[in-house]
Each structure stands twice: as C-alpha cells, then as structure tokens.
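Down below is the structure, laid out as structure tokens.
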Amino acid sequence: MILTVTLNPSIDVSYPLEHLKIDTVNRVKNVRKTAGGKGLNVSRVIHMLDHDLTATGFIGGYFGKWLENQLDRDGIAHDFLPIDAETRSSIAMLHDGGKQTEILESGPTITPEDAQKFLDHFDKLLDQADLLTISGSMPQGLPEDYYTQMIAHAGAKNVKVLLDTSGATLKSALEAPVKPLLIKPNDEELAGLLNREVDKTDYAALKQDLQDPIFDGVDWIVVSLGSAGAFVKHQDKFYHAAIPKIQVVNPVGSGDSTLAGLAMGIHDGKSDEDIMKTAMTTGMLNTMEAETGFVNPAKFDTYFAKVTIENY
Ligand code: ADP
C-alpha cells in the first residue's frame, strides 16, 4: 500500500460569501467542511482512483475525532498517532467574485515525546508500505530535519519517498545522505532552492536548473507549471508534459492531486510517460471540481489521452 503522511491535518472550512464585510457580522449558509491538509488531499485522490493507502500523522481532540470520522465515512484507511491537543481548522472565505481570504491556524505544538512516539509508530506502518508520500509543512515543535529523519527511516526499509514540501525542510532533505525518490517544487520553490530567479517559460533554462548539484541523488524532479503542465527530470532524461486547455473550477489542491498521480504511477511500475500522464490527469481533474483534492474517475481516460509528453 501507499503510506501518506499529513503531520498537521486540518478541518478545512469553506465559507462562500457574496461580499465580505469587515468589522461586522457575516452570515453563511452553505458551509463546507472537509478533511484537509495537503497529505489528506493526496489520500483522497489515491482512494478515489482505487489504490490502497493508509493515511498517518498526528491527530488530537474532538476535532481530530471528527476528522477521523470523515475519513471513515469516505472509506479512507488511516492510522494517526493520537496527541493531547486539538487538531486545527483552516478557514477559507470565498468572496467578492473570486477573492479568497484564508485564516490558517498553526495547529498543535508537538512535544519531543510525541515526536519520538510517532517515529516508532511510523516504523511499524513502513513495514506494510511500498511507497511513501510526505506533504506540506510541519507542525510546530518538530526539528527542521524531521522529514529528513523520516526519509532515513523509510530508506532503511527500502520504501521510496515522494516529498512535497518547501523551504528549510526541503533543503534539509536534499542535503541528507538518504534522498527522496521524487520532489515536486514549483518555480518559486525552485528559485528559493537555487537562490536565483527561475524562468518557468524557458525549458532549456529549466533543464540547466535541474542539473544543479543540490539535486544530485534525487531521481525525479517534477516542476509543476499550472496550465502549462510540468517540466520533469527523471535521472538523465528531461520531459515537458503538456496538457489541453480546460475549464478550471477550483485549482486549489491540484499540486496534491498531481502528487497522488505520481505516487500511483510509480507504485504501479508504469513507464515514465504513463507516470507523467497519470499525474497531469489527476492534477487537471482536480481543477475541474469544486471540492479540493477531489477527482471524477469517469473522466480519467479521456483526459489521460490528451496529455502529450515531449523529450527535452
Ligand atoms: P501547485 O499547486 O503545486 O503549485 P500547479 O498549480 O502547477 O501545482 O498544478 C499542478 C497540476 O494541476 C498541473 O501540472 C496541471 O496538471 C494541473 N493544473 C493546475 N492548474 C491548471 C490549469 N489552470 N489548467 C489546467 N491544468 C491545471
């Protein structure tokens, strides 16, 4: 099975408002609450496309219980480490014709004891896993190299890791002796890693960027480019994955859906071309739905056939 990690899950609350009024009352009718955090978006997409998975991370309190009930209702297997603090909520207000204002709780602070307990819990889950995805930022309290430690634990059990994070945690993972199999930076994250500007429209320059020594030992680098698809490095091969023009309803969670596609393709031992086509299709299908981290499996084959892969 695929093990998905969401260390700081969240109840994602969406408030559609015609107009957001400041310093007064806003009443909302159609509230939507979903099990969120990037790794749970990944999990939902993998589940909707009929692959076995277990979701893990830290969970706590009544909000944590609600979140687990939500996963049970959707039939998504999970095995979180319970902690003595409330799981967070994240509020997104969608208002004034396309504006999105978010209020994001930082969530619980993880104690050193729970950090250690989770690594033990994680080791047991790794015994049943063939592939691991790690997504998002880390909760407070954990050291910067916590993902790096997790990647080393996975490496010791021969479990491949797909890592979708940014900033210091990504940097730490790239500097460690045991590397992730795949990273998925966007152009901004790439620029941050390389300490220079990145032109995402210049594929020849991107090809050079991805050959920087900081990426040595990382098999796959997938630079997602929104409506332009993705620029991809696999070992010494480079590709541009191009996608058709589509009607976008809600692009939030497309990167997570892309990671889900990459995980399934690699897990199933597909060819480079089919791995990228699967990932582009799950990304596109997510943009076509109102819900975040959600795809319509009935549309999969149609859009898969429309992705084109070009060697670079
Ligand atoms: P991230 O959320 O990580 O920044 P992107 O916005 O690049 O990721 O989107 C990831 C993938 O989702 C893209 O590679 C593409 O397959 C799909 N996607 C995102 N935005 C669009 C769009 N406007 N039109 C078509 N596909 C899109």
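So what does the Cα-only Debye profile of the chain read at q = 0.08, 0.13, 0.16 Å⁻¹, as log10 I(q)/I(0), no solvent term?
Each listed q corresponds, in turn, to -0.34, -0.95, -1.42.
For n ≥ 4 DSSP H runs only, could you compute -39500 (n - 2.57) per run for the chain, divide by its residues and tell me the 222 nm figure to the nearest 500?
-10500 deg cm²/dmol
Counting Lys +1, Arg +1, Asp -1, Glu -1, what net charge surrounds PHE80 among other residues with beta carbon under 11 Å of its beta carbon?
Summing Lys and Arg as +1 and Asp and Glu as -1 gives -1.
Given region 1-121, what percent of its DSSP beta bridges are antiparallel, to the nearest 5?
DSSP beta bridges in region 1-121 are roughly 40 percent antiparallel.
Where a ≥ b ≥ c are the square roots of the eigenvalues of the C-alpha gyration tensor, would you call region 80-132 rounded, which needs a/c under 1.5, or, failing that, prolate if a/b is larger than b/c, or oblate?
Verdict is oblate for region 80-132.
Whole-Hz ³J(HN,Hα) for each residue in region 229-234, computed from phi via Karplus 6.51 cos²θ - 1.76 cosθ + 1.60 with θ = phi - 60°, x for glycine and proline: what do you get?
So the Karplus estimates, Gly and Pro as x, are x, 7, 10, 10, 10, 10 Hz.
Give, rounded to the nearest 20 debye, the magnitude of the charge dipole that the chain has about its Cα centre when Lys and Arg contribute +1 at Cβ and Asp and Glu contribute -1 at Cβ. It would help to have the intermediate numbers written out before the result.
On the way: 28 positive and 44 negative charges, 149 e Å.
Dipole magnitude for the chain comes out near 720 debye.
Listed here are the pairs LYS117/LYS157; LYS65/LYS171; LYS38/LYS233; which of them are more than 30 Å apart at the Cα? Show your work: numbers first, answer last.
Numbers: LYS117/LYS157 18 Å; LYS65/LYS171 33 Å; LYS38/LYS233 23 Å.
Distance filter (> 30 Å) returns LYS65/LYS171.
Decide, for region 102-213, between rounded, prolate and oblate: order the square roots of the alpha carbon gyration tensor eigenvalues as a ≥ b ≥ c, take rounded if a/c falls under 1.5, and otherwise choose prolate if a/b is larger than b/c, else oblate.
The shape class here is oblate.
Tell me whether region 49-114 comes out rounded, prolate or oblate; compute the Cα gyration tensor, take square roots of the eigenvalues as a ≥ b ≥ c, and use a/c under 1.5 as the rounded threshold.
Cα axes put region 49-114 in the oblate bin.
In the chain, if the dipole is taken from +1 on Lys/Arg beta carbons and -1 on Asp/Glu beta carbons about the Cα centre, which of GLY253, LEU190, LEU206 is farthest to the positive end?
GLY253
Provide the net charge surrounding THR278, with neighbours chosen by a C-beta distance below 9 Å and charges set as Lys +1, Arg +1, Asp -1, Glu -1.
Spelling it out: positives minus negatives among the neighbours equals 0.
Using only the alpha-carbon atoms, what does region 1-93 span along each of its principal axes? Please give whole angstrom values in decreasing order.
Over region 1-93, Cα extents along the principal axes are 48, 33, 19 Å.
For ARG32, what accessible surface area do you get with a 1.4 Å probe? Give it in Å², rounded to 10.
That residue has around 100 Å² of solvent-accessible surface.
Quick one: net charge of PHE304's neighbours, Cβ under 14 Å, K/R +1, D/E -1?
Taking every other residue near PHE304 into account, the sum is 0.
Roughly what would the spin-label model give for LYS99 and LYS245, points 7 Å off Cα along C-beta, in nm?
2.9
With springs only between Cα atoms under 10 Å, which of GLU105, GLU86, GLU289 fluctuates most in a Gaussian network model of the chain?
Among GLU105, GLU86, GLU289, the largest mean-square fluctuation in the Gaussian network model of the chain belongs to GLU105.
Would you calculate the convex hull of the Cα atoms in region 46-179 and tell me its volume per residue in Å³?
On the way: hull volume 18.3 nm³, N = 134.
Given the Cα convex hull of region 46-179, per-residue volume reads 137 Å³.
On a C-alpha basis, how far is the centre of region 287-301 from the centre of region 158-211 in Å? Whole number, if you could?
Here the answer is 27 Å between Cα centres.
Looking only at region 137-236, where both bridge partners belong to it, what percent of the DSSP beta bridges are antiparallel (to the nearest 5)?
Taking every DSSP beta bridge within region 137-236, about 50 percent pair in antiparallel fashion.
Highest mean first, what order results for 130-136, 46-52, 162-168, 244-250 on Cβ atoms within 10 Å? Before the final figure, lay out the partial values.
Details: 130-136: 24.4, 46-52: 17.7, 162-168: 20.1, 244-250: 11.4.
Going by the mean number of other Cβ atoms within 10 Å, highest first, we get 130-136, 162-168, 46-52, 244-250.
Using a 7 Å offset from the Cα along the Cα-to-Cβ direction at both ASP50 and VAL28, what is the distance between the two label points in nm, to one decimal?
Those two pseudo-labels are separated by 3.6 nm.
Given q = 0.15, 0.16, 0.17, 0.19 Å⁻¹, what are the Debye log10 I(q)/I(0) values for region 214-312, with equal point scatterers placed on the Cα positions and solvent ignored?
-0.53, -0.60, -0.68, -0.84
Mind checking which lysines have their C-alpha under 27 Å from LYS21, skipping anything on the same chain fewer than 8 residues away?
Partners within reach: LYS29, LYS33, LYS99.
Sketch the reach of a paramagnetic label on ALA290 as a point 7 Å from Cα along Cα-to-Cβ, and name the residues of region 23-53 whose backbone nitrogen lies under 14 Å away.
29-34
Looking at region 57-198, what % of its DSSP beta bridges pair antiparallel, to the nearest 5? List each step's numbers first, then the result.
Values: 6 of 17 bridges.
Roughly 35 percent of the beta bridges in region 57-198 run antiparallel, per DSSP.
The values are calculated or read from the model by the stated rules, or taken from the named source; none is laboratory data. None of the values given here were measured: they were computed from a predicted structure. Methodologically, a virtual Cβ is constructed for each residue, glycine included, from the backbone with ideal geometry; neighbour enumeration extends over all protein chains shown. Surface accessibility is based on the protein's heavy atoms, side chains included, excluding ligands, DNA and RNA. Shrake-Rupley method; radii C 1.70, N 1.55, O 1.52, S 1.80 Å.
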